[in-house]
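Accompanying notes for the structure given below.
The values are calculated or read from the model by the stated rules, or taken from the named source; none is laboratory data. Bear in mind the structure is a predicted one, so any value in this text is a computation, not a measurement. Because the Cβ atoms are built from the backbone with ideal geometry, glycine has one as well, and the counts that use them run over all protein chains shown. Note: accessible area is taken over every heavy atom of the protein model, side chains too, but ligands, DNA and RNA are not part of it. Shrake-Rupley method; radii C 1.70, N 1.55, O 1.52, S 1.80 Å.
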Amino acid sequence: MKLKSANHSHYPKIGETDEQHKLRQAYHLFDRKKISTFQVVKVQQDVTREAIEEQEKAHLDVVTDGLILWNDPISHIMKNLEGVKIGGLLRFFDTNFYFRQPEITGPILRKSSLLKEEAAFLKRHTAKGETKVVLTGPYTLAVLSKISTPAYKTSREVAQALAQVLAEEIKDLADSGINHIQIDEPGFFLQRPDWKWLSGLFEKLCSQKGKAKIWLTTYFGDVAPLYARLQELPVDVLGVDVTYSPTLLDLIRKEGSQKDLALGFLDGRNTKLENLKEVVHELKSLEKKVAQDKTVYVTTSCGLEYLPQDKAIKKLKLLEEINHAYSR
Amino acid sequence: MHTQDKLKNLGVELPLFPLTSVGSFPKPEYIKKARARFVKGELTRKELETLEEKATREWIEFQENIGIDVLVDGEMYRGDMVAYFAEELKGFSQSSFVRSYGNRYYRKPVITAPVVWEKPMTVDWWKKAQAMTQKPMKGMLTGPYTIMDWSFNEYYKDREATCMALAQVIRKEVEALISAGAKLIQIDEPACSVRPSELPLVIQSMNVVTEGLPAYFFTHICYGDFEKIYPEMTEIPVENFDLEMSNSENDLLNCFKKRSFPKDLTAGIVDVHTHEIEAESTLKARLEQILDVIPARQLWVDPDCGLKTRTVEEAKKKLEVIATVVKSLRKSYSN
């Protein structure tokens, strides 16, 4: 198996110094109508560039834009769709992070590309790494939405409509030359899906992927009981949270993987740094069962925004060290 | 003992639909500037405290003027609801900022050693605030489960061990507040719905905090998935649940219709995350909806959550409109 390092998804927007607070300050001033939209966008771009640079400094093979423009993983995708209204705050899974709940008010349509500009910015500013764009998956978006329209009776129908618009989005992203498109589905842990139906949903999503690799990523739950089912879905890379599951690595050692894997070894929700040797040892133990032509991406268990920036940087550096130590 | 009897035994007399607040109020500009200067070493702690007392007095006067029944000190001296306790307890180190939503950040503490209660953390401020008014002043604490959940843990073996260690130290603070004369104490557990499977741990740890102590206890819980923990959550050993109702447009009532709410309810009826000041008619309609489900004698009223995210002006207007609507409702109930 080949080993690569990858950023999971989001990255902290602010740090400790005044300079590292510039995005927070810009939003604050914009909210009080003291600076223009143009000025806010300039700061957003600066901070996005810095997030990409931090990943490149850690020599990650796969980089994201840090999702710096995202308020939360749900409303950022849903807010620009027709037939959706953004509502009140809800806690995002078991974190101390909140999202605004979408309300489905009519037929869901994509008015224009959702992430094309963010993807173009990422491509423009990534010097070395492969690029990855994150999309929250249709299943998770649907189960976290409220339905108040006769257009859809169930969250399953909403997920199907969302899969249609996200497939269009994936086509746009693939056409723009993005290397990896990650579909986040932590919602599998809220409500178990009907796997046969889900397979059809992912076939639709993957049908327009072009040369891009499609990742299916779960986190915030024990993925071991779902592992065999996930292996059957038509995606290229399976992203899993190792920290939540005491039996997952044994399962991979036993069953292997038909797909590339993204293994979230480093806890994205705790500051404690993992032991380098232990992680490398675990990775080596997978070699016998994961085919030589498969890639294992070593990453964090979830996005890095749940950590302070200085700790997030340490986790990125540890990813680099793991990659280096493994290859030695 | 019925919740009303407990209040009576404590010598606390309140009108119908007692008015209160969740805890925090926005800091006036002079406090924000003073805190920044204190961090830079340009102001002494004593100078900062003098200004914090001034701001506390202003908020207490405001609450009295508009007819709030159970007051809070407004937390002019606190930053974040978990970080404040982490700074006062031994065993924590401070980390940098983590985002909670939108443009809101907090310093998420790190547990690096056994947590130890060395001295009272809130009692001096409670005493100062209570001395400024004849009305009852709430003691305000954060619960063990939420402190555990909202901290990074680099020391304890698991979440349960962390939470139960914190329960012991929060109980000591509750005992200290009661010794100082506090009769109404709020122990916030906004994290309690994050892992429904851990609700027994929330109940067990709160039991350690409140068991056998002579006070009327509230817990404030917000922005959670209550459907998954109701009605079991009412087993948390407190008399009053302070819940955000307006954020979800009273959706919580659907739970209470299925199984009646067995304790006192402080209903949040204004959204604390919007600049908009709700109309009296909106609040009246919300309260009438609530009163279709919750008996009048069980109902208290406040905003959804702490108002510190609003400007001083917005917070005052939101509190004023609540007070106006509740006073009018009391009249209609007394007729």
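Of all beta bridges DSSP finds with both residues in chain A, what is the antiparallel percent, to the nearest 5? In chain A, approximately 20 percent of DSSP beta bridges are antiparallel ones. Among B:Asp80, B:Asp302, the order of accessible area from largest down is B:Asp80, B:Asp302, computed with a 1.4 Å probe on protein heavy atoms.
Of the trypsin sites (Lys or Arg not before Pro) found in the stretch B:1-104, those that fall in a DSSP loop while having at most 16 other beta-carbon atoms within 10 Å are B:Lys40.
For chain A, a Gaussian network of Cα nodes joined below 10 Å ranks A:Pro308, A:Pro12, A:Pro246 by mean-square fluctuation, and the top entry is A:Pro246.
Find out how many positive minus negative residues lie around B:Ile203, taking Lys and Arg as positive, Asp and Glu as negative, among other residues whose Cβ is under 14 Å from that of B:Ile203. Residues close to B:Ile203 contribute a combined charge of -4.
Shape class of chain A from the alpha-carbon gyration tensor: oblate, with a/c at 1.5 or above and b/c at least as large as a/b. Along chain B, counting only GluC sites (Glu not before Pro) with a DSSP assignment other than H, G, I, E or B and at most 12 other Cβ atoms inside a 10 Å radius, the longest segment between sites is B:119-210.
Take the accessible area of chain A alone and of chain B alone, subtract that of the pair, and you get about 2800 Å² summed over both chains, using a 1.4 Å probe.
Between A:Thr136 and A:Asp184, the built amide H atoms are under 5 Å apart, and every one of these is 5 or more places off in sequence or on another chain.
Quick one: grab the alpha carbon gyration tensor of the stretch A:1-81, order the square roots of its eigenvalues as a ≥ b ≥ c, and give me rounded if a/c is under 1.5, else prolate or oblate depending on whether a/b is larger than b/c. It comes out oblate by the Cα gyration axes.
Considering only A:Gly268, A:Gly177, A:Gly239, give the residue with the highest GNM mean-square fluctuation for chain A, with springs between Cα atoms whenever their separation is below 10 Å. Per the Cα network of chain A with a 10 Å cutoff, A:Gly177 tops the list. Length available on full extension from B:His275 to B:Lys157: 0.36 nm per residue minus the Cα-Cα distance, which gives 38.2 nm. What's the local net charge at A:Asp236, with K and R +1, D and E -1, over the other residues with C-beta under 9 Å away? Net local charge, A:Asp236 excluded: +2. Under the simplified labelling scheme, the B:Ser334-A:Gln164 pair shows an inter-label distance of 6.0 nm, with each label point 7 Å from Cα along Cα→Cβ. Protein-only accessible surface at a 1.4 angstrom probe places the residues A:Glu203, A:Glu117 in the order A:Glu117, A:Glu203, largest first.
Which far-off residues, 5 or more places away or on another chain, put their amide H under 5 Å from the one on B:Trp300, with H placed in the peptide plane? Amide H neighbours of B:Trp300: B:Leu265, B:Thr266, B:Ala267.
Translational diffusion coefficient, Stokes-Einstein: compute it for the stretch B:49-149 using the Kirkwood radius over C-alpha pairs as Rh, at 25 °C and 0.890 mPa s, and state it as an integer in µm² s⁻¹. The diffusion coefficient I find is 162 µm²/s.
Projecting label points 7 angstrom from Cα along Cα→Cβ for A:Ser207 and B:Lys46 puts them 7.7 nm apart. Taking amide hydrogens as placed 1.01 Å from N in the peptide plane, the amide H of B:Gln186 sits under 5 Å from those of B:Gly139, B:Met140, B:Leu141, B:Phe218, each at least 5 positions away in sequence or on another chain.
Rounded, prolate or oblate for the stretch A:119-255? Axes are the square roots of the Cα gyration tensor eigenvalues, ordered a ≥ b ≥ c, and the cut-off for rounded is a/c under 1.5. Taking the square roots of the gyration eigenvalues as a ≥ b ≥ c, the stretch A:119-255 is oblate. Computed from the Cβ-Cβ distance with R0 of 25 Å, the FRET efficiency linking A:Lys288 to A:Ser199 stands at 0.30. Here B:Leu16 and A:Leu276 are evaluated by their C-beta separation; at R0 = 45 Å the FRET efficiency comes out at 0.10. Each residue was assigned an accessible area with a 1.4 Å probe, and for A:Asp236 the value is about 40 Å². Among B:Ile66, B:Ile236, B:Ile203, the largest mean-square fluctuation in a Gaussian network model of chain B, built with springs joining Cα atoms closer than 10 Å, belongs to B:Ile66. A simple spin-label model places pseudo-atoms 7 Å from Cα toward Cβ; at B:Lys54 and A:Lys42 they are separated by 3.7 nm. Of the residues A:Lys146, A:Lys153, the one with the largest accessible area comes first in the ranking A:Lys153, A:Lys146, computed with a 1.4 Å probe on protein heavy atoms.
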